[in-house]
Amino acid sequence: MRVLSGRPSNVALALLTGMILIVCVGCDNNNPLASAKLYPTKGKVLLPDGKPLTSGHVVFVATSSTITSTANLESDGSFVFKGASGDGLPEGDYKIKIEAGSGTDSKGGGARSKGIPPPFADQFLDEDASGLKATVTIDESKNNFELKLTPTKSETGVGDRRGGR
């Protein structure tokens, strides 16, 4: 008969160490930006009248990966992508949406969540409907985007088939 001494065996320690290593290997996979090469990405958001959108967020949604990144709008309509993993975005194609509200509102709801309509057409609240797109390249001089929030005809009511006989 064997008496347990209260000390873990070498086999138990090896198994425990192996399980900890397996868990730790996957720790950085939650942030796809952590291992990506980033390129400085900035721009400006303009309303249809050419004036800057002075508060809110710009959201870039990658078309070929799970990357979604948000930048605050400054009072002059400018934005710069900055993050804990580094500044900028990985090379690739992005769809873009705009979130109205305070540039310091980390929840992204801003004025919209308080029932205040945005100063632009609703189509820009969705990356698939906005029509706004950007391609981030290794050529940093091409990663400065001007986003003009001019609605499409269906958003302005032109060609809209509501009502009728």
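The values are calculated or read from the model by the stated rules, or taken from the named source; none is laboratory data. Keep in mind it's a predicted model, so treat the numbers as computed, not measured. Every residue, glycine among them, receives a Cβ derived from its backbone with ideal geometry; neighbour counts consider all protein chains shown.
Here is how the numbers come out for the structure above:
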{"item": "Neighbours by Cβ (under 7 Å, 6+ apart or cross-chain): first from the stretch 54-78, on the phi > 0 side of the Ramachandran plot and touching a residue at least 60 places away in the same chain (Cβ under 8 Å); second outside any loop (DSSP other than H, G, I, E, B) and of a type in the set (Gly, Ala, Ser)", "result": "Gly56/Ala100; Gly56/Gly110"}
{"item": "Single unsatisfied condition, Ala111 versus (1) assigned to a helix (DSSP H, G or I); (2) touching a helix residue (DSSP H, G or I) at 6+ places or on another chain (Cβ under 7 Å); (3) at pLDDT below 95", "result": "(2)"}
